[in-house]
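Student: The structure is given below, and queries will be raised subsequently.
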Amino acid sequence: MHKKSILIKNARIVNEGEIFEGDVLIEDQYIKEISSSISVKNSNITVIDAENNYLIPGVIDDQVHFREPGLTHKATIETESRAAIAGGITSFIEMPNTNPQATTIEKLEDKFQIAANTSSANYSFMFGGTNDNLDEILKVDPLKVAGLKLFLGSSTGNMLVDNSEVLEKIFKSTDLLISVHCEDEDTIKKNTALYLERYGEDIPINCHPEIRSAEACYISSSKAIALAKKTGARLHVFHLSTAKETALFSNKKPLKDKKITAEVCVHHLWFSDEDYDKKGTFIKWNPAVKSANDRDALWKALLNDKIDVIASDHAPHTLEEKSNTYTKAPSGGPLVQHALVAMMEAHHNGRISIEKMVEKMCHNPAILFQIEKRGYIKEGYFADLVLVNPNNPWTVTKDNCLYKCGWSPFEGSTFKSRVTHTILNGTVVYENANFTNHNAAMRLTFNR
C-alpha cells in the first residue's frame, strides 16, 4: 500500500522562536522531513504551495466546554470540534461540567467514546473534582487523561469545591495536573446581594466585573497557590483576568520546571469593561472581563512569561439564553473558530510576535500537559499543521459562524488573517473553507 504523502512548499515556517522559509514533507500521520527545499519524484504526492503564508503547529486549546453530554442544545463535540478545526485548533482539552458531570471514571469514558465517534479534532478531557469524589480521582490514569479540574468558584454546572479539608486532601493525594477556576464564592455572594439590593433584577451588565471582582479572583487564586506550595501539587490556574493576580506567578524557571502555571484567555486580552455598553451579555464571562488596565497587565505578564498559555475557554450558550437580563444570562461565549485569527490580529496591531503567539498557543500547552509528539513542527511528530494567510481580510458574521449556537462575540470584527488549511495527523481536514475529512482525529496521549 502506498503511503499517503503531502508536500508543503515555500512556507514561512514558525517553530521554536524562529520563522524560516522552507518545505515540509508529511508521510502518513507524521512529519517526515523539514528542509529549505524538498523535491519528491512520487507522483501520488499532494503538493500545497504555501507561498507568503505562515505554517504553524496546530493550536492546542487547553480549556473548552463543548457541552456534551446533556447540554447539546448549546453545542456538541461534533459541531464545536469542526469550528475548532476551521479556526486552526487541532487538539482540545474539554472540561467536566457537562450533564452528567465527568466525575466518575465511567462518565469520563463515556465522553471519550462520544469524541472517538464524532470529534473532528484531537481530544482529551479533564476529570472533575468535587467535595466527595476523592476515591474516583485516585483511580484516574495520568497517562490517559489530561488532568483534574476544580471549580473554586461556582460556574456553569455547579461543581463548586468549597470544603477546605477536602481541597487540601486532593492537592496532597494526586499527581495529576490540577487546573483551577479561581473566584471566591463568599465575595461574589456578598457583592451580588449588594447589587440586587441596589438595582433589583435590573443590574446593568457593566456591574459584572464589580460583582465578580478582581478581589474575588485574587483571594481564590492566592489561596490555591499557597495550598500548591504547601502540598507540592502541580497547579495550573485557568483564565487570569486581573493585574493583581499576575504578581502571584514567576518567570524565573523554564516552563517544564514550573510547578505553578497560568493561562490567559483570548477574550481577556481582547475586550475590556468599556465594551459592555456595546456587547452587553455577549461578553459576560466568569471570570469577568475587567478594566483596560487589567488587560494591559495580562498582556505584559504573557509577554514576560509569567503567563504560560493562551486558551479560549470556549463556552457556548444559545442566543436566547444570552439575550436574557444580567442576572439570568449565563456566562461564557463561543471562541474556538476565532481565537487564532484574533491573536493574529493582535500581532498585526503590534501586540505580540507570531513566534510568541505560537509558543503560547502551540508549544506551551504541549509542554504543560506533557502531550506526546504534538505542538511543534518537528520531524517524527504528528503532522498537526495550520496554514495561515496573513493578508486575506474577512468579517465575522452570523452566517460564517460554525458554532451550533450560531453567534460570536466577534461579530462585526474584521480579521486580516485567515486559516486556509488545517492538517490533522497527516490528513488535510479543512481547505479553503471546506471540510475534507472527518475521520482523522485521535485521542491525545501523554509523556508522563
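Student: Can you tell me which of Pro204, Pro57, Pro330 moves the most in a GNM of the chain? Springs connect C-alpha atoms under 10 Å apart.
Tutor: Greatest mean-square fluctuation among the candidates belongs to Pro204.
Student: In the stretch 39-98, which trypsin sites (Lys or Arg not before Pro) are in a loop and have at most 11 other Cβ atoms within 10 Å, using DSSP for the loop call?
Tutor: Lys41
Student: I've got another one for you. Does the stretch 350-390 come out rounded, prolate or oblate, given a ≥ b ≥ c as the square roots of the eigenvalues of its C-alpha gyration tensor, rounded meaning a/c under 1.5 and, failing that, prolate meaning a/b above b/c?
Tutor: Details: a/c = 2.96, a/b = 1.41, b/c = 2.10.
Oblate, because a/c is 1.5 or more while a/b does not exceed b/c.
Student: Quick check: net charge around Met344, other residues with Cβ under 15 Å of its Cβ, Lys/Arg +1 and Asp/Glu -1?
Tutor: +3
Student: Okay, next question. When only DSSP loop residues count, what GluC sites (Glu not before Pro) in the stretch 49-91 have their Cβ near at most 16 other Cβ atoms within 10 Å?
Tutor: For GluC sites (Glu not before Pro) across the stretch 49-91 that sit outside H, G, I, E and B with at most 16 neighbouring Cβ atoms in 10 Å, the list reads Glu51.
Student: Need one value: the accessible area of Asp49 in square angstrom, 1.4 angstrom probe, rounded to the nearest 10.
Tutor: For Asp49, solvent-accessible area is about 100 Å².
Student: Using the Cα atoms of the chain, I'd like the radius of gyration and the largest Cα-Cα distance, Dmax, both in angstrom.
Tutor: So, for the chain, Rg and Dmax equal 21.1, 75 Å respectively.
Student: I would also like to ask the following. Heads up, I need the accessible area for His421: 1.4 angstrom probe, whole protein in place, Å², nearest 10.
Tutor: Counting only protein heavy atoms, the figure is 20 Å².
Student: A follow-up question, please. Run through the DSSP bridge list for the chain and note the antiparallel percent, rounded to the nearest 5. If you can, show how the numbers build up before the last one.
Tutor: Numbers: 33 of 66 bridges.
Roughly 50 percent of the DSSP beta bridges within the chain come out antiparallel.
Student: While we're looking at this one, here's another question. Does the stretch 302-349 come out rounded, prolate or oblate by the C-alpha gyration tensor, with a ≥ b ≥ c the root eigenvalues, rounded set by a/c under 1.5 and, if not, prolate when a/b is larger than b/c and oblate if not?
Tutor: It comes out prolate by the Cα gyration axes.
Student: Separate question: For Lys360, Lys190, give me the order by solvent-accessible area with a 1.4 Å probe, most accessible first, ignoring ligands, DNA and RNA.
Tutor: Numbers: Lys360 0, Lys190 135 Å².
My answer, sorted largest first, is Lys190, Lys360.
Student: Along the positive direction of the dipole of the stretch 342-448 (beta-carbon charges: Lys, Arg +1; Asp, Glu -1; about the Cα centre), which of Thr395, Gly412, Cys362 reaches farthest?
Tutor: After comparing all options, I get Cys362.
Student: Pairs Lys74/Lys253; Lys300/Lys378; Lys169/Lys190; Lys111/Lys172: which exceed 32 Å Cα-Cα?
Tutor: Going by Cα-Cα distance, Lys74/Lys253 fall outside the 32 Å limit.
Student: For every helix of n ≥ 4 consecutive DSSP H residues, a contribution of -39,500 (n - 2.57) applies; sum these over the chain, divide by its total residues, and give [θ] at 222 nm rounded to the nearest 500 deg cm²/dmol. Intermediate results must be reported in sequence, preceding the final value.
Tutor: Values: 15 runs with 124 residues, N = 448.
Value at 222 nm, helices only, nearest 500: -7500 deg cm²/dmol.
Student: To the nearest 10 square angstrom, what accessible area does Cys362 show with a 1.4 Å probe?
Tutor: 0
Student: Please report how far the C-alpha centroid of the stretch 252-322 lies from that of the stretch 152-227, rounded to the nearest whole angstrom.
Tutor: If we compute the Cα centre of each part, the gap is 16 Å.
Student: Does the stretch 383-429 classify as rounded, prolate or oblate by the C-alpha gyration tensor (a ≥ b ≥ c root eigenvalues; a/c under 1.5 gives rounded; else a/b over b/c gives prolate, otherwise oblate)? List each step's numbers first, then the result.
Tutor: On the way: a/c = 3.57, a/b = 1.53, b/c = 2.34.
Judged from the Cα gyration tensor, the stretch 383-429 comes out oblate (a/c at least 1.5, b/c at or above a/b).
The values are calculated or read from the model by the stated rules, or taken from the named source; none is laboratory data. The structure presented is a predicted model; accordingly, all values stated were derived computationally and were not measured. With ideal geometry, Cβ positions are generated from the backbone for all residues, glycine too; neighbour counts draw on all protein chains shown. Heavy atoms of the whole protein, side chains included, go into the accessibility calculation; ligands, DNA and RNA do not. Shrake-Rupley method; radii C 1.70, N 1.55, O 1.52, S 1.80 Å.
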